Amino acid sequence: MGANAPPDRSADTSVDGEPADTEVLSLLEPAVQEWWVDQFGEYVPENGGYFTPPQREAIPLIHADENALIAAPTGSGKTLASFTAIIDELYRRERTEGLENTVYCLYVSPLKSLANDIHRNLEVPLAGIQERMDERSDEGGDSADSDGIGQIRHAIRHGDTADSERRAMLEETPHILNTTPETLAILLNSPKFKEKLATVEYVIVDEIHSLADSKRGTHLAVSLERLQAMAGDVTRIGCSATVEPLDDIGQFLVGYEDDADSSEGGLAPRDVEIVDTRFLRDYDLELTTPVADLVNTSQSAIQSAFYEHLYELIDAHDSTLVFTNTRSGAERVLHRLREMGPFDETNSGAHHGSLSKEKRQRVERQLKDGTLDVVTTSTSLELGIDMPHVDLVVQIGSPKSVASLLQRVGRAGHRVGETVTGRVIALDRDELVECAVMLAKAEEGFVDRVFVPERAQDVATQHVYGMAINGPRPETEIKGILRRAYPYREYTDEDWEQLLTYLQADFEGFEERNVYAKVWRDENDPPDGEHHYPEYDVGERLIGKRGRLARVIYMTNIGTIPDSFTCDVYTREDTQWVGDLDEEYLDTLDPGDVFVLGGDRYAYRYRRGSKVYVDRTGERPTVPSWFSERLPLSYDLGREILAFQRTLLEHLADGGRAGVRAWLRGFPIDENGVRALARLFDEQVRFAGAESVSTEDRLVVEEVLDRDDYRRRYYVHSNYGRRFNDGLSRVLAYRCAQEANANVSIAVADNGFSLSMPLNRKVDVVGLLRDTVPDAVRDYLRESLDGTDRLARYFRINATRSLMILKRYKGHEKSARRQQISSEMLLGFAEDLTDLAVLEETYREIIEDTLHVEGIETVLGRVQDGDLSVVHHRPPAPTPRAFGLATLSASDVVLTEDQDAALRDFHDRVLEHIDEE
């Protein structure tokens with residue numbers, strides 16, 4: 001087919017302002033046109049054209065050097081849309097003037113496996129286009145020359161790249177370089193390779209949603225500004241299947257520029273085009289539950305029904321991906337399926353972060369080849385490789401956000417035009433409520449917001465130090481680069497001075513503790529003839545510590561992913577070792593909290609370095625073993641659940657349980673789920689009244705006297721997710737302790753939290769909730785964190801990120817355990833200092849990023865304004881909506897026997913009370 005005259009297609013007419021397919025094709029080089037039509041012309045007949053919607057919109061934008069955020073489902077061709085115009089431009093330039101031995105395009109991925117996969121996938125279009133270029137050259141076409149057309153080189157570089165391959169890239173540099181955020185930051189300070197980045201014209205950031213909500217994304221945002229300062233205007237393209245809010249993430253991608261109209265050094269947002277085609281695919285989603293009665297049915301019966309249903313789903317499909325919410329759950333489900341048969345190591349597998357890289361890569365290859373009937377996973381396959389043979393995704397339990405649900409089920413039907421088939425299985429009633437709302441909102445096009453960390457001083461430390469050791473520069477230039485990154489757009493002069501005070505080690509006692517200056521300010525103009533750096537003629541320069549050692553320290557210690565370790569657990573009475581716990585789980589424990597380890601119950605007492613000391617106990621667990629591993633419920637989805645509960649109550653009031661069932665049948669829920677939900681809320685209202693259910697306008701607090709355990713328990717039905725509840729529960733517990741000197745225990749879940757204290761202690765928890773003003777929340781949280789293990793751990797992480805503690809030095813590596821010991825010595829010293837950037841960042845990260853203080857302030861503000869009423873109930877037993885809080889019953893696969901018995905006991909008490917009425 002002649003590339004200059006593509007055939008007429010129905011998409012040749014512009015629709016809704018979108019360019020017609022022939023218009024898009026005409027933008028491309030003839031050889032690129034030929035390859036595209038041969039490859040993809042037949043793949044999208046339902047669109048009547050050659051391109052999928054994201055391709056049709058994005059290719060012209062990138063061709064015109066416009067920044068673009070492409071939001072489109074998995075399998076819709078958005079990555080190829082990002083690369084096509086870039087490859088086309090590189091071939092055009094190679095044909096007309098030749099390409100230099102340098103980098104023109106960077107592809108940045110959050111995962112090495114995804115970078116590897118994209119690298120392999122690029123080989124197909126590059127080889128196909130090259131072949132057509134060579135054919136046209138041989139035929140004496142418009143691209144002919146004596147030597148033919150040179151190849152577009154592409155390579156991958158990340159932490160696993162061999163030294164020999166890295167050295168080879170200096171001699172023969174890839175025109176397209178696939179990398180990760182961490183490696184990009186290193187390359188920006190590489191004495192030799194950074195010059196290869198000065199020619200970059202395009203940057204593609206894939207799966208941008210998975211970076212934006214963490215400090216990895218913050219680090220990348222500053223790296224992109226450093227790149228732009230070096231290379232000039234760079235066209236930035238972001239890709240995501242599930243992201244919101246689009247405008248904010250688009251701005252996160254492109255950053256800011258100096259505002260020419262501002263006389264005070266203000267900033268203006270750079271332009272970015274939004275390609276929003278997130279909902280163009282067809283979804284076949286359904287929520288199922290094994291039985292209609294999740295309380296009185298025996299666990300063996302629930303398990304049997306669950307696995308029979310799962311087996312039927314797998315048997316009816318070619319390749320099934322099963323998501324659980326924990327790694328242990330993935331292993332447990334795979335083990336049970338293999339017991340049932342006919343699954344074995346040849347046709348089934350597991351994939352999660354605890355497995356070796358070799359095992360994960362083997363499963364990935366088998367998934368791509370379509371040789372596995374079923375794979376179980378936790379979160380590790382939510383992003384990453386193309387799996388074209390997967391035609392069903394099963395999610396066991398709640399994935400906790402619409403974004404995660406869509407990301408996971410999007411792994412099925414990966415090819416254009418295929419329906420995405422997903423099944424969600426709920427195994428307890430709290431998850432049933434979550435998932436019912438989640439699937440309904442997914443069908444409506446709702447996506448949870450991404451919250452970007454703001455003004456992180458540890459990340460700023462790394463980049464300011466990196467820019468300074470690259471050579472002395474005006475301080476205003478370095479600060480300007482930092483502030484042009486989206487997370488630092490509101491970075492103040494006070495923030496900057498706090499950072500520079502730390503970087504200059506301007507604290508007495510630092511050097512005695514091996515904390516040294518990393519930069520210094522050259523504030524005075526030297527006399528004529530004595531200026532070491534004549535390129536700068538004004539004062540206030542930032543100069544990094546010179547020499548090879550400073551650069552090696554920087555290159556081997558930057559990054560934001562923290563090291564972690566396990567702590568040995570000993571009993572206090574006989575110092576017997578009873579097991580180990582991940583330190584992230586220890587963050588959730590306060591003295592007195594009860595947890596299960598090896599089937600036995602222990603009360604947490606204290607931690608010394610990497611050793612944890614506990615007492616044996618028979619008390620009920622307060623923190624479940626999966627707490628640190630499972631994702632928290634999104635704040636936005638929590639608010640939608642509250643709205644759902646209000647509407648359900650209205651249907652219950654109008655039509656009773658039958659009316660609720662009729663309404664719920666309009667949701668993508670099976671009949672067992674419909675009946676279980678209708679029964680749950682009917683019994684709740686008959687037991688405690690409609691006002692016992694929290695809604696978007698009502699926050700319910702239950703006070704229950706537990707005379708068996710001699711405890712007074714408050715169940716706060718704040719359905720805003722675990723991060724929110726972790727923060728609000730700490731505020732109230734801190735205030736309770738102030739008011740009554742009460743020993744308050746906390747248990748936190750996604751749909752609320754509980755506070756418990758001795759029965760003879762009575763605190764007006766509801767009054768405290770009503771009286772807590774939003775402006776005081778940050779101070780309360782800060783005071784509640786003093787002396788906690790969480791503060792100590794996060795200080796270690798931030799001290800390491802801030803290069804206060806070096807993970808690697810002169811060829812020696814300091815383990816996370818040794819880092820913790822060093823940080824504990826520094827923390828006591830740091831707490832006596834005023835405005836130390838590392839400690840202030842530690843508090844900021846915990847309070848803002850992990851305890852969701854913004855959401856807490858918003859909710860308490862609504863309470864203060866009278867828009868959210870706080871209702872106090874005193875039922876004789878926990879209400880049905882509090883069963884999960886009372887038993888901490890949520891698990892990734894099944895409930896424990898103790899929780900099962902407790903649930904039935906609570907339910908019997910509810911039914912007895914209803915019958916008496």
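The values are calculated or read from the model by the stated rules, or taken from the named source; none is laboratory data. Just so it is clear, the structure is predicted and the values come from calculations on it, not from any experiment. Every residue, glycine as well, gets a Cβ built from its backbone with ideal geometry; the counts of neighbours run over all protein chains shown. To get the accessible areas, we keep the full protein, side chains included, count just its heavy atoms, and leave off ligands, DNA and RNA. Shrake-Rupley method; radii C 1.70, N 1.55, O 1.52, S 1.80 Å.
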(message) Of everything in segment 385-410, what is open to solvent by less than 10 Å² (accessible area, probe 1.4 Å) and more than 19 Å from PRO632 (Cα to Cα)? Give them in sequence order.
(response) ILE385, MET387, VAL390, LEU392, VAL393, VAL394, GLY410
(request) Scan segment 850-860 and give yes if some residue there is closer than 30 Å to SER300 by Cβ, buried (at least 17 other Cβ atoms within 10 Å of the Cβ) and either of a type in the set (Phe, Trp, Tyr) or in contact (Cβ under 8 Å) with a residue 40 or more places away in the chain (or both), otherwise no. (result) no
(message) If a residue counts only when it is aromatic (Phe, Trp, Tyr), over 27 Å from ARG216 (Cβ atoms) and at pLDDT 90 or above, which strands (runs of 3 or more DSSP E) contained entirely in segment 481-592 have at least 1 such residues?
(response) 566-571, 577-582
(message) What's the total number of residues in segment 373-383 that are buried (at least 24 other Cβ atoms within 10 Å of the Cβ), part of a loop (DSSP other than H, G, I, E, B) and either over 18 Å from the mean Cα position of the chain (by Cα) or not polar (S, T, N, Q) (or both)?
(response) 1
(request) Can you tell me which residue within segment 823-844, out of those that are among the small types (Gly, Ala, Ser) and in contact with a helix residue (DSSP H, G or I) (Cβ under 8 Å, 6 or more places away or on another chain), is surrounded by the fewest Cβ atoms within 10 Å (Cβ to Cβ)? (result) ALA830
(message) Looking only at strands (runs of 3 or more DSSP E) that lie completely in segment 205-277, which have at least 3 residues being open to solvent by 10 Å² or more (accessible area, probe 1.4 Å) and in contact (Cβ under 8 Å) with a residue 12 or more places away in the chain?
(response) 256-258, 267-269, 273-276
(request) Identify the single condition in (1) polar (S, T, N, Q); (2) open to solvent by 10 Å² or more (accessible area, probe 1.4 Å); (3) part of a loop (DSSP other than H, G, I, E, B) that THR421 does not satisfy, given that it satisfies every other one. (result) (3)
(request) With respect to ASN743, determine if the residue is touching a strand residue (DSSP E or B) at 6+ places or on another chain (Cβ under 8 Å) and either surrounded by fewer than 19 Cβ atoms within 10 Å (Cβ to Cβ) or assigned to a loop (DSSP other than H, G, I, E, B) (or both). (result) yes
(request) Could you please tell me which pairs satisfy a Cβ distance under 6 Å, a separation of 6+ or placement on different chains, a first residue in segment 733-753 that is hydroxyl-bearing (Ser, Thr, Tyr), and a second residue that is open to solvent by less than 20 Å² (accessible area, probe 1.4 Å)? (result) SER745/SER756
(request) Restricting attention to segment 867-884, report how many residues are open to solvent by 60 Å² or more (accessible area, probe 1.4 Å) and either farther than 16 Å from GLU703 by Cα or of a type in the set (Asp, Glu) (or both). (result) 1
(request) Just name the residue that is surrounded by the fewest Cβ atoms within 10 Å (Cβ to Cβ) out of those in segment 352-363 that are in contact with an Asp or Glu (Cβ under 9 Å, 6 or more places away or on another chain) and assigned to a loop (DSSP other than H, G, I, E, B). (result) SER354
(request) Can you give me the number of residues within segment 280-322 that are of a type in the set (Gly, Ala, Ser) and assigned to a loop (DSSP other than H, G, I, E, B)? (result) 4
(request) Examine segment 160-181 for a residue that is in a helix (DSSP H, G or I), in contact (Cβ under 8 Å) with a residue 12 or more places away in the chain and either at positive phi or touching a His at 6+ places or on another chain (Cβ under 8 Å) (or both), and state whether such a residue exists. (result) yes
(request) Output the residues belonging to segment 675-733 that are more than 30 Å from ALA658 (Cα to Cα), open to solvent by 10 Å² or more (accessible area, probe 1.4 Å) and in a helix (DSSP H, G or I). (result) ARG722, ARG723, ASP726, ARG730, ALA733
(request) State whether the residues of segment 637-658 include one that is within 27 Å of the chain's Cα centre (by Cα), within 24 Å of ALA902 (Cβ to Cβ) and modelled with pLDDT of 95 or more. (result) yes
(message) Being in contact with a Phe, Trp or Tyr (Cβ under 7 Å, 6 or more places away or on another chain), farther than 16 Å from GLY638 by Cβ and open to solvent by 10 Å² or more (accessible area, probe 1.4 Å): is that true of GLY445 here?
(response) yes
(message) I'd like the residue in segment 202-234 that is small (Gly, Ala, Ser) and under 19 Å from the mean Cα position of the chain (by Cα) and, out of all such residues, is farthest from ASN67 (Cα to Cα).
(response) SER214
(request) Tally the residues that are surrounded by fewer than 18 Cβ atoms within 10 Å (Cβ to Cβ) and modelled with pLDDT of 95 or more, restricting the search to segment 173-193. (result) 0
(message) Which residue is surrounded by the fewest Cβ atoms within 10 Å (Cβ to Cβ), if the candidates are limited to segment 804-822 and must be among the hydrophobic types (A, V, I, L, M, F, W, C) and closer than 22 Å to GLN504 by Cβ?
(response) LEU806
(message) Only one of THR492, THR461 is open to solvent by less than 10 Å² (accessible area, probe 1.4 Å), within 28 Å of the chain's Cα centre (by Cα), under 21 Å from LEU833 (Cβ atoms) and not aromatic (Phe, Trp, Tyr). Can you tell me which?
(response) THR461
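To keep it simple, each residue is scored yes or no on (1) under 30 Å from ASP835 (Cβ atoms); (2) in contact with a strand residue (DSSP E or B) (Cβ under 6 Å, 6 or more places away or on another chain); (3) hydroxyl-bearing (Ser, Thr, Tyr).
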{"residue": "ASP386", "(1), (2), (3)": "no, no, no"}
{"residue": "HIS389", "(1), (2), (3)": "no, no, no"}
{"residue": "ILE396", "(1), (2), (3)": "no, yes, no"}
{"residue": "ARG411", "(1), (2), (3)": "no, yes, no"}
{"residue": "VAL433", "(1), (2), (3)": "no, no, no"}
{"residue": "PHE446", "(1), (2), (3)": "no, no, no"}
{"residue": "PRO472", "(1), (2), (3)": "yes, yes, no"}
{"residue": "LEU482", "(1), (2), (3)": "yes, no, no"}
(message) Under 7 Å between Cβ atoms, which residue pairs at least 6 apart in sequence (or on different chains) link something in segment 364-378 that is over 18 Å from ARG332 (Cβ atoms) and without any contact (Cβ under 8 Å) to a residue 40 or more places away in the chain with a partner that is among the aliphatic types (A, V, I, L, M) and in a loop (DSSP other than H, G, I, E, B)?
(response) GLN366/LEU372; LYS368/ILE385; LYS368/MET387
(request) Mind telling me which of the residues GLY349, GLY329, GLY341 ends up being modelled with pLDDT under 90 and open to solvent by less than 10 Å² (accessible area, probe 1.4 Å)? (result) GLY329
(request) Hey, could you check segment 755-783 for residues that are hydroxyl-bearing (Ser, Thr, Tyr) and modelled with pLDDT of 95 or more and say which is nearest to the chain's Cα centre (by Cα)? (result) TYR780
(message) For segment 332-350, give me each residue that is touching a strand residue (DSSP E or B) at 6+ places or on another chain (Cβ under 7 Å) and free of Cβ contacts under 8 Å to residues at least 12 places away in the same chain.
(response) ARG338
(request) Kindly provide the set of residues from segment 835-888 that are assigned to a helix (DSSP H, G or I) and small (Gly, Ala, Ser), ordered by number. (result) ALA837, GLY855, GLY861, ALA882, GLY884, ALA886
(message) Return the pair list, or none, for Cβ contacts closer than 9 Å from residues in segment 21-41 that are touching a residue at least 40 places away in the same chain (Cβ under 8 Å) to residues that are assigned to a helix (DSSP H, G or I) and polar (S, T, N, Q), at least 6 apart or on different chains.
(response) LEU28/THR84; ALA31/GLN130; VAL32/THR84; TRP36/THR84
